[in-house]
1. Taking residue 63, is it touching a residue at least 40 places away in the same chain (Cβ under 8 Å) and either surrounded by 13 or more Cβ atoms within 10 Å (Cβ to Cβ) or in contact with a helix residue (DSSP H, G or I) (Cβ under 9 Å, 6 or more places away or on another chain) (or both)?
2. Failed condition for residue 147, given (1) in contact (Cβ under 8 Å) with a residue 60 or more places away in the chain; (2) outside any helix (DSSP H, G or I), with all others met?
3. Kindly indicate which of 120, 149 is more than 19 Å from residue 32 (Cα to Cα) and crowded, with 21+ Cβ neighbours inside 10 Å.
4. Pairs under 6 Å by beta carbon, first residue farther than 20 Å from residue 180 by Cβ in region 216-245, partner modelled with pLDDT of 70 or more, six or more apart or different chains?
5. Could you list, in sequence order, the residues of region 24-56 that are free of Cβ contacts under 8 Å to residues at least 12 places away in the same chain and buried (at least 16 other Cβ atoms within 10 Å of the Cβ)?
6. Within region 56-79, can one find any residue that is assigned to a helix (DSSP H, G or I), in contact with a strand residue (DSSP E or B) (Cβ under 7 Å, 6 or more places away or on another chain) and under 28 Å from residue 160 (Cα atoms)?
7. Can you tell which of 181, 141, 104, 134 is under 28 Å from residue 53 (Cα atoms), modelled with pLDDT under 95, in contact with a helix residue (DSSP H, G or I) (Cβ under 6 Å, 6 or more places away or on another chain) and in a helix (DSSP H, G or I)?
8. Determine, yes or no, whether residue 127 is out of contact with any helix residue (DSSP H, G or I) (no Cβ under 6 Å at 6 or more places or on another chain) and assigned to a helix (DSSP H, G or I).
């Protein structure tokens, strides 16, 4: 059994303002995605799109924050937050959902790009390639907070988390940081130069992350307060199935789009 490193979630305080590691992970993620997307624009000889990229990421980041909070509230604890609606804005108490954040970022980005007559799928591919690096930092933030820990385990690297009782548990946050963060990033990054039709890389990200997260859910302590679906399936797994289906749909759509374009120019 490993000793869980007791890290104060608060880095420092300025009066009533607390700067937390978890919030810092979001900021680091944003700038990593920005830098890597700028690099891709340079590779594509589209440096002139950098100002638009900065705006798209900023709008998407705001959508991510709002969506992540709403997703946590209504995907996992709808009864509580419907009875206590003011708690929805208490974001400092913690509680964010990846799937909600993804939906919020997609919606915000889509609306912004549509307003500026830009291809949503082209930009989505650009971001999907580097999105796992944000997942890496997000899971590190979860680990520092001691939240989203795994089920009991007798493995030598199991840890006793402050809020998980006296039983050693899977440090599943670190598993996900490594696999759905770093390893998935390396896979997606190596695909960035593939001359595929728009939407293909986004579809691959949806499918790969959906499958990996679905599997890791078996090691997690269920996050929602409602009963498990079918007695074993968590809300996170249901949302991952939605991601996988959406990814498959995008692949089919991309294939038809490629066929349409090739016939159009015969």
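The values are calculated or read from the model by the stated rules, or taken from the named source; none is laboratory data. Everything numeric in this text was worked out from a predicted model, so none of it was measured. Cβ sites come from the backbone with ideal geometry, for glycine too, and all protein chains shown count toward neighbours.
1. yes
2. (1)
3. Numbers: 120 fails: crowded, with 21+ Cβ neighbours inside 10 Å.
After ruling out the rest, the residue left standing is 149.
4. The qualifying pairs are 225/77.
5. Here is the first cut: in region 24-56, the residues free of Cβ contacts under 8 Å to residues at least 12 places away in the same chain are 27, 31, 35, 39, 42, 44-49, 51.
49, the sole residue that qualifies.
6. no
7. Only one candidate qualifies: 141.
8. Values: out of contact with any helix residue (DSSP H, G or I) (no Cβ under 6 Å at 6 or more places or on another chain): yes; assigned to a helix (DSSP H, G or I): yes.
When the stated conditions are applied, residue 127 passes them.
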